[in-house]
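**Q** For reference, the structure I am asking about is given below.
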Amino acid sequence: MSAAPETLGPSARTREYLSGEHLLLINGERVPAASGDKIEVQDPASEDIVTSVAGAGAEDIDRAVAAARAALKGEWSKLTSYERARLMLKFADEIDANIAQIAELEVLENGLPRMISEFTVAKFGAEFMRYFAGWTNKIHGKTIPVSPMDAANGETLTYTRREPIGVVGAITPWNAPLAMAILKLAPVLATGCTIVLKPAELTPLVALYLGELAHKVGFPPGVINVVPGYGHTAGAALAEHPDVDKISFTGSTAVGKKIIEASTGNLKKVTLELGGKSPFVVFPDADLERVIPGAVRGCFFLQGQNCMASTRLFVHEDVFDNVVEGVAGGVGQMPIGPGLDPNSLLGPLISGDQRSRVMEFVDAGKSSDAELVCGGEALPGRGFFMQPTLFSRTNMDMKIAREEIFGPVLCVQSFSDSELQAVADEANATVYGLSGSVWTRDISVAHKMAAMIDSGQVSINCHAAVDPAVPFGGNKQSGWGREFGEEGLDPYLKTKATTVLF
Ligand code: NAD
């Protein structure tokens with residue numbers, strides 16, 4: 001890895017922003033935490049502390065939930081669907097107008113390469129918001145021709161209404177700060193709910209910046225509240241809060257289970273987007289010119305800190321050596337460096353703790369029967385960088401193949417069986433079921449295999465083909481419910497049936 005050139009650093013505008021005070025956003029006002037607590041934000045590429053933000057505690061969560069509750073009954077509820085959409089579209093335009101600024105903040109707090117951040121801000125920021133703005137005037141109930149009990153002798157009209165579920169507590173991870181916040185904000189705003197958003201403590205800046213942009217475009221106070229804080233304090237207080245109607249959580253499966261327990265007090269509704277260990281299945285007739293770069297991107301995007309990452313490659317033995325050699329070559333050509341360097345394709349991991357955790361998996365792989373093909377070392381010097389790592393000849397009994405690593409580590413195993421079910425059984429042999437892909441030119445094999453993989457989404461001859469309009473979510477311990485697309489509205493709505501006896 002070459003050292004970052006001297007000139008690399010945030011722009012003057014970003015430096016000025018970072019030098020300001022970063023407070024909680026509650027009821028349209030920027031306020032300090034009741035305790036006065038602050039959380040430092042570290043740049044994972046340099047290990048420098050770039051700024052600090054107010055750190056919310058239970059008292060601040062109470063204030064934010066009260067503001068969201070009041071907003072639900074105020075001016076926000078009186079806006080027409082068209083007016084809500086207009087605000088969302090203005091919000092999307094503001095995001096577009098600030099792509100460079102948002103991307104710099106995201107790179108500084110998360111470490112991802114700038115070009116990936118800029119793409120994400122446009123596609124999963126502005127376009128995602130616009131997609132959901134289009135739904136505001138298409139959320140409606142049905143009329144149902146029935147003769148209900150108690151009204152058998154009269155003429156009736158029965159209709160359903162789709163009402164906002166209420167106050168939403170959203171808790172997000174650090175791996176894609178902008179996208180994670182927008183995936184919560186957009187359906188909340190489209191359905192007329194209000195939100196208390198708690199971003200991950202490691203990456204609070206982009207969420208706060210988005211909250212400020214939303215305030216600027218005119219969302220009424222209290223509709224969007226942003227409260228950075230630690231999971232065991234602010235997150236736990238939000239998850240168990242008696243006046244929160246729904247929790248929308250994205251994060252690890254272990255914390256997802258805690259969210260379910262915390263929700264039981266008032267039986268709030270819960271949706272969960274959790275971990276993954278996605279398979280990438282290559283049949284011998286697949287186009288290796290597409291497979292090899294697809295496998296590199298699929299696993300190492302965001303340094304492998306990606307819930308959909310294709311971390312398990314199942315390759316038919318006829319093409320096994322070619323694929324392993326090609327992927328190792330592709331991995332070796334990925335420039336590693338700070339996200340602000342326009343040449344970087346692999347940034348640092350999010351923190352020293354995360355890199356140590358990933359290295360424990362690498363060590364477990366090295367002491368197993370798997371073959372280390374490339375990588376396997378943390379990089380010396382400043383920043384939480386590590387080599388992208390490829391293990392070959394893995395099997396599903398190995399810890400590295402079974403558990404979510406959430407780092408740049410790819411496991412490759414071969415198959416020879418022509419029985420599709422046997423390959424699918426191996427692909428499904430984890431507790432996760434988030435994503436997956438099948439690579440073949442045989443249309444029957446492709447569709448049969450796609451049907452057999454137990455995941456929320458499966459792609460054919462590509463991986464992680466996400467789009468705002470396509471439902472996204474996990475099977476098994478990868479989650480509850482779906483985000484994105486029309487189905488992504490359902491968790492934010494409740495159906496009321498009304499019957500009139502004339
Ligand atoms: P994490 O579960 O540690 O933290 C996620 C969020 O939960 C953070 O905001 C954290 O502060 C909060 N939290 C922690 N403990 C809490 C508690 N007791 N009560 C309430 N909130 C609490 O996850 P992470 O390390 O930030 O992110 C990585 C994980 O997220 C991986 O498992 C990854 O697969 C998953 N993820 C899933 C998706 C998806 O769409 N399925 C997307 C991105 C990330």
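The values are calculated or read from the model by the stated rules, or taken from the named source; none is laboratory data. Only a predicted model underlies this, so the values are computations on that prediction, with no experimental measurement involved. For neighbour counting, all protein chains shown are included, and Cβ atoms are generated from backbone atoms with ideal geometry for every residue, glycine included. When the accessible area is computed, the model is the full protein with side chains, heavy atoms only, and any ligands, DNA or RNA have been set aside. Shrake-Rupley method; radii C 1.70, N 1.55, O 1.52, S 1.80 Å.
**Q** Going through the stretch 213-225 one residue at a time, which ones are away from the ligand (no atom under 16 Å from the Cβ) and surrounded by 16 or more Cβ atoms within 10 Å (Cβ to Cβ)?
**A** Leu213, Ala214, His215, Val217, Phe219, Pro220, Pro221, Gly222, Val223, Ile224
**Q** Only one of Ala465, Ala427, Ala422 is surrounded by fewer than 14 Cβ atoms within 10 Å (Cβ to Cβ) and either hydrophobic (A, V, I, L, M, F, W, C) or touching a strand residue (DSSP E or B) at 6+ places or on another chain (Cβ under 6 Å) (or both). Can you tell me which?
**A** After applying the criteria, what remains is Ala422.
**Q** Something else: Which residues, taken from the stretch 338-369, are among the hydroxyl-bearing types (Ser, Thr, Tyr) and within 16 Å of the ligand (Cβ to nearest atom)?
**A** Result: Ser351, Ser356.
**Q** Which pairs turn up if I take residues in the stretch 330-353 that are without any contact (Cβ under 8 Å) to a residue 60 or more places away in the chain and look for partners that are of a type outside the set (A, V, I, L, M, F, W, C) and in a helix (DSSP H, G or I) with beta carbon separation below 9 Å, at least 6 apart in sequence or on another chain?
**A** Correct list of pairs: Gly330/Pro293; Gly330/Arg297.
**Q** Only one of these conditions is not met by Val206: (1) under 30 Å from Gly141 (Cα atoms); (2) crowded, with 22+ Cβ neighbours inside 10 Å. Which number is it?
**A** (1)
**Q** So which residues in the stretch 237-280 are under 22 Å from Ala424 (Cβ atoms) and away from the ligand (no atom under 12 Å from the Cβ)?
**A** Within the stretch 237-280, Pro279, Phe280 qualify.
**Q** Okay, moving on. Checking the conditions here, which among Pro242, Pro228 is surrounded by fewer than 19 Cβ atoms within 10 Å (Cβ to Cβ) and either assigned by TED's automatic domain parsing to the domain that holds Ile195 or aliphatic (A, V, I, L, M) (or both)?
**A** Every option except Pro242 fails the conditions.
**Q** Sticking with this structure for a sec: Just name the residue that is farthest from Glu289 (Cα to Cα) out of those in the stretch 430-461 that are hydrophobic (A, V, I, L, M, F, W, C) and open to solvent by 50 Å² or more (accessible area, probe 1.4 Å).
**A** This residue is Val431.
**Q** So, in the stretch 468-484, of the ones that are in a loop (DSSP other than H, G, I, E, B) and either surrounded by 18 or more Cβ atoms within 10 Å (Cβ to Cβ) or without any contact (Cβ under 8 Å) to a residue 12 or more places away in the chain (or both), which residue ends up farthest from the ligand (Cβ to nearest atom)?
**A** Within the stretch 468-484, the match that is farthest from the ligand (Cβ to nearest atom) is Pro468.
**Q** Next question, about the same structure. Which residues, counting only those in the stretch 354-383, are touching a residue at least 60 places away in the same chain (Cβ under 8 Å) and open to solvent by 40 Å² or more (accessible area, probe 1.4 Å)?
**A** Gly381, Arg382
**Q** Still on this structure, please answer the following. How do the strands (runs of 3 or more DSSP E) wholly within the stretch 5-81 filter down when requiring 2 or more residues that are under 26 Å from Val168 (Cβ atoms) and not aliphatic (A, V, I, L, M): which remain?
**A** 29-31
**Q** Let me ask something else about it. Looking only at residues in the stretch 281-334 that are within 16 Å of the ligand (Cβ to nearest atom) and within 24 Å of Val445 (Cα to Cα), which one is farthest from the chain's Cα centre (by Cα)?
**A** Once the filter is applied, the top-ranked residue is Arg312.
**Q** Has the stretch 487-496 got any residue that is open to solvent by less than 30 Å² (accessible area, probe 1.4 Å), away from the ligand (no atom under 16 Å from the Cβ), assigned to a strand (DSSP E or B) and under 30 Å from Leu157 (Cα atoms)?
**A** Within the stretch 487-496, one or more residues are open to solvent by less than 30 Å² (accessible area, probe 1.4 Å), away from the ligand (no atom under 16 Å from the Cβ), assigned to a strand (DSSP E or B) and under 30 Å from Leu157 (Cα atoms).
**Q** Follow-up. Hand me the list of strands (runs of 3 or more DSSP E) wholly inside the stretch 343-453 holding 1 or more residues that are within 26 Å of Leu274 (Cα to Cα).
**A** Qualifying strands (runs of 3 or more DSSP E): 389-392, 409-415, 437-439.
**Q** Check every one of the strands (runs of 3 or more DSSP E) wholly within the stretch 249-332 and list those with 2 or more residues that are closer than 19 Å to Ile460 by Cα, hydrophobic (A, V, I, L, M, F, W, C) and modelled with pLDDT of 95 or more.
**A** Where strands (runs of 3 or more DSSP E) fall fully within the stretch 249-332 and carry at least 2 residues being closer than 19 Å to Ile460 by Cα, hydrophobic (A, V, I, L, M, F, W, C) and modelled with pLDDT of 95 or more, they are 279-282, 312-316.
**Q** Please determine whether any residue of the stretch 59-78 is within 22 Å of the chain's Cα centre (by Cα) and open to solvent by less than 10 Å² (accessible area, probe 1.4 Å).
**A** no
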